[in-house]
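Note sheet for the following structure.
What follows draws every value from the coordinates through simple rules; no lab data is involved. Quantities reported herein were computed from a predicted structural model and do not represent experimental measurements. All Cβ positions, glycine included, derive from the backbone under ideal geometry; neighbour counts span all protein chains shown.
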Amino acid sequence: MANVQVTLADSWIHMGVTYLSGVHTLDESIATVLVAANAATNPMPVAPAAAEPVQRVETPNADGAATPTNDGGEAPSGEPSATLEVIVGSKAAASLAAAGYTSYGDAITADDATLSAIDGIGEATIKKLREHKAA
């Protein structure tokens, strides 16, 4: 099913999931239920977020020989630059992107409460983000 962006004036609980007030990107079936209950307004279709392509690069190792990598090399901070999709999976990466977190660097700076308020982001996804930073 397609994703739809809706605006909730108040917090709602649907099938055990709490949706806080504000703008959410939801599965069309959930959005339809919330709109029918007059909980959500302004349903707008959302185009699926395209995954960022991973570029194969050659990085020199200690003896100067080129070592191929599949993760795009290293970020300016020295951390591996894996995409969000690689770290947390495509659905969670799409949810993060819809909320404005388009890179690992963006997502890791948010606190746990902010991330868990995003539809489709739970404790397991946050743990993957934090563990990737520690790796």
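Between V35 and L20, residue separation times 0.36 nm minus the direct Cα-Cα distance comes to 3.9 nm. Distance between the 7 Å Cα→Cβ label points at T7 and K133: 3.2 nm.
How would the range 89-135 be classified by its alpha-carbon gyration tensor: rounded, prolate or oblate, with rounded meaning a/c under 1.5 and the a/b versus b/c comparison settling the rest? The shape class here is rounded.
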